[in-house]
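Report on the following structure.
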Amino acid sequence: MRDNCVYSVSGSTIACGAVREDSNSSIHPNLKTKNMNITIEDSTKLFFTSDLHFYHENIIDYSSRPFRELSTGQNAYYNFMAMKAGLPDEPIIPRLEQMHKAIISKWNNKIPKDGIVFIVGDFAFISNIKKIKELLDQLNGTKYLIFGNHDYQNKFDRQSIRELFIDTADILDVKILDDEITDGFQWINLCHYPIESWSKKAKGSWHLHGHIHSGPLSSSSDGNIKFYPNRYDVGVDNNNFTPVSYQEVKTIITKQKLKGKK
């Protein structure tokens, strides 16, 4: 256990305070839990996402992502007419490039420059620091990273990469002040992997995760997990390749609770 840095956010102002870090995680002995108190006046600035998998072409097939290269055969008529007109062939855009453009565009259309984003694991399938920084520089908002399995695989726990984010952790408990909640605040537990029993679950904490690649297009067998009203997959495959806001998560959790009562 040690003191670290916590970011208290009010509007766009970030101040540093005390954090309790506890290595006695019930998920894995090497995972660390940080408790962070975050105050947000404008809840539209808080967002969550996961499993972007930049530079991971195989994820397109694994999760049935709708990005396909246009083969020469599919463009044969255009190219034939272009040749007659003395024009160049229609360019073929690689599907990985299409995926990158779509995710970056949807991110920046949703998140303001002063937004706060929690990336709940598996940001990119690459270990090159320059390329990771180039990706982060294209994305709006200040960014926190919860490590996923592919982040560790690509050594995102290196200090040089950790410093590219506001903060990093394996499991994170976040306290959000919210006047619409009975107690005036909402606890959110963040972990890349879906957890059966998470911190403050009995007190109404929400658990936001990724990893399972659930969603309408995905064929991943990992998506078949037990339903908990207060748990939600914030991965891009489950959310139209777009981050979800705090308000959207609150609406989703409320609907899931109503569904659970039926």
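Quick notes on this structure:
- Listed by first and then second residue, the pairs linking a residue in region 41-58 that is touching a residue at least 12 places away in the same chain (Cβ under 8 Å) to a residue that is assigned to a loop (DSSP other than H, G, I, E, B) and of a type in the set (Ser, Thr, Tyr), with Cβ atoms under 9 Å apart and 6 or more places separating them unless they lie on different chains, are ASP42/SER12; LYS45/SER12; THR49/THR242; ASP51/SER63; HIS53/SER63.
- Selection over region 189-199 of residues that are free of Cβ contacts under 8 Å to residues at least 60 places away in the same chain and part of a strand (DSSP E or B) gives a count of 1.
- Residue within region 113-129 that is modelled with pLDDT of 95 or more, of a type in the set (D, E, K, R) and part of a helix (DSSP H, G or I) present: no
- Yes/no for ASP173 being free of Cβ contacts under 8 Å to residues at least 60 places away in the same chain, out of contact with any His (no Cβ under 8 Å at 6 or more places or on another chain) and among the acidic types (Asp, Glu): no
- Residues satisfying the stated conditions in region 146-161, i.e. outside any loop (DSSP other than H, G, I, E, B), buried (at least 20 other Cβ atoms within 10 Å of the Cβ) and touching a helix residue (DSSP H, G or I) at 6+ places or on another chain (Cβ under 8 Å): ILE161
- Look at (1) over 22 Å from LEU139 (Cα atoms); (2) within 18 Å of the chain's Cα centre (by Cα); (3) part of a strand (DSSP E or B) and you find that LEU208 fails only one, number (1).
- Here LEU217 does not fit the description of being part of a strand (DSSP E or B) and of a type in the set (A, V, I, L, M).
- Listed conditions (1) under 21 Å from LEU208 (Cα atoms); (2) more than 13 Å from the chain's Cα centre (by Cα); (3) among the hydroxyl-bearing types (Ser, Thr, Tyr) are all met by SER105, apart from (1).
- Checking ILE132 against (1) modelled with pLDDT of 95 or more; (2) in a helix (DSSP H, G or I); (3) farther than 25 Å from PHE67 by Cα, the condition it does not meet: (3)
- Residue in region 162-176 that is modelled with pLDDT under 95, in a helix (DSSP H, G or I) and not basic (Lys, Arg) present: no
The values are calculated or read from the model by the stated rules, or taken from the named source; none is laboratory data. Just so we're clear, the structure is a prediction, and the values are computed from it rather than from any experiment. We place every Cβ from the backbone using ideal geometry, glycine too, and count neighbours over all the protein chains shown.
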